[in-house]
1. In whole angstrom, note down how far apart the Cα centers of region B:1-71 and region B:76-100 are.
2. Please compute the volume of the convex hull spanned by the alpha-carbon atoms of region A:1-74 and report it per residue in Å³.
3. Tell me which of B:Thr496, B:Pro88, B:Cys193 sits at the most positive position along the dipole axis of the protein assembly as shown, charges placed on C-beta atoms (Lys, Arg +1; Asp, Glu -1).
4. Taking the C-alpha atoms of region A:1-155, how large are the radius of gyration and the largest Cα-Cα span, Dmax, in Å?
5. Please compute the Kirkwood hydrodynamic radius of region B:431-503 from all pairs of different C-alpha atoms, in Å with one decimal.
6. Could you state the orientation-averaged shadow area of the convex hull built on the Cα atoms of region B:558-620, in nm² to one decimal?
7. What base-10 log of the normalised intensity I(q)/I(0) is obtained for the protein assembly as shown from the Debye formula, alpha carbons as equal point scatterers, at q = 0.04 Å⁻¹?
8. Per 10 Å bin, what percent of the C-alpha pairs of region A:414-460 does each bin hold, from zero upward?
Amino acid sequence: MSEINLVLNGKPTTATIFEPHTTLLNWLRETGLTGCKEGCAEGECGACAVLVTKASGTGSRLTSVNACLVLMASLAGQEIMTAEGLGSPNQLHPVQAAMVQTGGSQCGYCTPGFISSMADEYYRPNRSGFDLEALSGNLCRCTGYRSIKDAALGLGLPYPNDALRLRQNIAAPEARVAKIESENAVFYRPANLEDALILLEKNLNAKLVAGGTDWGVEVNLRFARAAVQIAIDHLPELRQIHWQTDFVELGAALTLSELEHQIGDSIPLLHQWFPMFASRLIRNSATLGGNIGTASPIGDSPPVLLALGASVVLVSTNGERVIPLETYFTGYRKTLRQHGEIIKAIRIPLPLAPKSKFYKISKRKMDDISSVSVGIALKLENHTVQNIKIGLGGVAATPLRALETENFLMGQIWNLENVTAAAQLMANSGTPLDDHRASAAYRKAMLEQLLLKFFAEVNL
Amino acid sequence: MSAVGQSISHESAALHVTGQARYTDDLGNRLTNLLHAYPVQSPHAHAKILRLEIAPALKIAGVVRVLTAADVLGVNDAGVKHDEPLFPSEVMFVGHAICWVLADSLFAAQMGAAAVQVEYEILDAVITLQDAVRLESFQGNLQLLQRGDTALLESAKHIFMGEFEIGGQEHFYLETHASLASVDESGQVFVQCSTQHPTETQEIVAHVLGLPSHAVTVQCLRMGGGFGGKEMQPHGFAAIAALGATLTGRPVRLRLNRTQDMTMTGKRHPFLARWKIGFDSDSKILALEAELFSDGGWSLDLSEPVLARALCHIDNAYFIPHIRVAGRVCKTNKTSQTAFRGFGGPQGMLVIEDILGRVAPLLGVRGEELRAKNFYQAGQTTPYGQIVKDSNRMARVWQTLLETSDFKQRQQEITVFNAKHPNQKRAISITPVKFGISFNFTAYNQAGALVMVYKDGSVLINHGGTEMGQGLHTKMLQIAATTLGVNLEHVRLAPTRTDKVPNTSATAASSGTDLNGGAVKNACEQIKSRLALIASSRFGVHPDDVVFSNGKVFAIGYPPKSFEFAEIVSEAYYKRVSLFASGFFRTEGLHWDRVAMFGNPFKYFAYGASVSEVEIDGFTGAYTLRRVDILHDIGDSLSPLIDIGQIEGGFIQGAGWLTLEDLRWDSKGRLSTQSASTYKLPSFSEMPPVFNVAFLQDASETGVVYGSKAVGEPPVMLAISVREALRTAAAAFGSGASLELASPATPEAVFWAIKKAKS
């Protein structure tokens, strides 16, 4: 049992944590803030969304996250705001008032989560319109979304003296060094990378926790428990972006939303890819390091990173090493990362290939898991393929490069005939399976079709 | 201005948006000494339980008790057909609950459940609907709907036949099943439950506990969505919580997590249809022969009435002179499929719409022409013998919508677009809906209410319907305020409880407002007539000439000389006149012979039509819904903001069923899509960017509360136009010939349809 201090709906609060795997959702509900709902416990529905104050430049951002995937142990010193804190029935917050007016709630169960995500976007600095993508991680089964859309699009900007708007001008609370423990488990937030690596060396089987969007699902749905968890999401060394002449390094612990915000469209393939990665709610917590660290064959980042020719920068007490991503995955959820190593950054070589695209095949357009995903980066010279890299996901036990297809195309004229022949080769990449997401035949067909689609689209 | 017809927000909207609205499981944390219930679920689709060892669970710290069949005080049954043992000796599907662990914490209950040892003898299982049909694994009776002489089919000018499999649908109400039970000092059992049918929940709890109904009270504050999934499914969970509370003397909380909810509770029935249809030389339907097989899962629950409604909607809006449709409920080792918004109507309707979509190109007519040509004409009757009341409304809806949606012009623009784009194709389709309103089972078409006026003139209403987001309570407040002539803020609504209004029907079949609104209005009218008598002596007029409006009471024609409603109420009290009344409503004119499948089961029909435009990517089969236009007949709208929400929400839910939501079971009977990460319902990305919804004008429905019509279910079936647009767009990759399309029409299904179209 440990205690942490945090600020809940504007009030300093002491939380008793009996077990380091306790989620923010469960703690809030036990506290009596039952507006936070469990709809799925895996970050898919957004009914538990609440606002966490996160760092942003010199100020901060009220950031909507899935409370079911946030561990209380990670929140020492942090600020949390729920729908109850934003307003009351007699004094509605502007986003709440808008939802009442347009009929944006029917059964009301998903509504507090929508309010959180809407408030996050409402307070986005320098906003002109309302980006509906902010609500991509919230599901509603009743309304059909039109009324929620109207509530969102009808919102004005916060008043200059709006307290929460002003709050964002001030830095977010710093992550506090913490040790949260129970009889069987301990959660550490180390002071810096060095301490983290030493801790890890002592606890080789420790679970590294960054965004926790995958680990939280294991904890909630499969009752996974780790004797030792080490938080790394706050480590400054893992939160940098370094532009060099021949590569750029993206910090492994930056959230995808932070990356999206900070790199803008300077890496077009990533710029196109971000909105297709899960939902805004997930991207507000999830990290690139985490997506590679879980080594899922259907993770969405490896196909684009493979197409970009990326490498993984690993760090341990022995120093750093750089491994090309294409050799990094060695089997189903197996990688070259050794005990004691942390993914520090992802290195992308420069200059970038001039033409690139990411394709994701899924049943739903937003926030779905891909059945097949393909990243392609192409450099032509005089209509001839000078370089092409193709990353594939969902067609084998690991993400992989379509090397045979690439080799076939190298040096060839970029025309329909050659691409059609290459697409037939690509169809034979990997060993696609039948499952509930898609049939093997469809996956195979998509490998062929997506190269043809790329050809049609880059030639427009 | 009367409250009815005003566009007002949901009565709980301000509570919803601030997180203050309480749902069943939010109430538990107010209780001390709470126990948590957690099930042990079967890993097998069909097996006999040889041995059940609960002792290891009891050794886990925090585990208080494990409930098994031996603990049942009354009847070990959770269904109304006595085919759903609460604690089974033979498990019938993967996920079937065998016993329940009660513990001080949820985690301890989970650990306890994991420690329970079960030994099984595995039995043969029937998983797929196709296998069930082949093996004739049926339950319930054969249902037969027939009229005329289908032998004439063979003489038709055009004859077609086919087979069509329709996928099921998970309700995915955001709030999973939840019950919270306690027993008071007098032995009264109190169950708070997320249930659409409190009376039936009460009855099942009572028979499991061996108590009379009056010893059990069920309350439903509100539900986080129902959609039919909480009509019959909550009873067993409520009974477990109540049994636990009775045996331990402690309150018991039972809430299913998402995967438990998906693996334990029933869904929309998958269907298999085999059909043969004949058309005359003018493309008019001459005769239809069809067999419908529904996948009922392991027990009957509502499968028979669901099938009956499917049979009664296979005609949709079309006159079919000669028809013979046979229906069977299949028994499979899956969850017991149950009510889901539309209740079989969507599946029945989809069969005929699929047929028309497939055969239109073979008949050489456009889909919209084939459909309009076959609409019911005035005076014609349905296959079950009911005159199609207001049948001309269908054509009125159709014509109006074709115009307001610019159908013809957009169709031409699409032809131009398609000619220019080899890899993208668009299409636009219009489909109709005619949906019968009333429970097929006549006895359910009754409702009660209890309205109380306090001495200060404030009004409290109770009624038998439940609130699941559809805005029923809002409409009841509007009806009470309008009937009593008071302002909305003078009326309050109390939670639905079986000790206020007994013997209620399920809030289902879109009938919540028609029935409960009728009962609330009736109760208010009784009180009003007593008050009118009091007031009439003040004004010296006949009681019928006393007007109640906006909180004032006056003689007709003399509004300036008015009294406050509260003043008349106060006088009534001192004159010892009763200020409360129980209201009652029964739908008139209904009769139904369910063996002959003949009669007048419906009070009226709800009409509507929708136009959908889609664009398909030829490489992947991925598509976007570009624009939707809906015109729907809801009579005189009681509450426009709420009614619009019902239409939009129903449409998107229907579109989810037909395009996206894909239930998959593996060969062992395990549900592979058992969580939000594998079962996808529509999100923002499925909402059409242009979404125009309008009500049919001049559509007042006589004999229904304030001229309104039911709105809950019919809009689901408006989504069929999305499917038909996808079919047409996929066909446009080829020559536009007849094309089969699987349901749901996922991108993969559309991709294979494109392949067929191209070949």
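FYI, it's all coordinate maths here, none of it is from the lab. Predicted, not measured: the structure shown is a model, and the values here were computed from it. Using ideal geometry, Cβ is built from the backbone for each residue, glycine included, and neighbour counts are taken over all protein chains shown.
1. Distance between centres, Cα-based: 18 Å.
2. 97 Å³
3. It is B:Thr496, whose Cα lies furthest towards the positive end.
4. Rg then Dmax for region A:1-155, in Å: 15.2, 46.
5. 14.0 Å
6. In nm², the orientation-averaged hull projection of region B:558-620 is 14.4.
7. Computed log10 I(q)/I(0) values: -0.22.
8. Pair shares across the bins are 29, 46, 21, 4.
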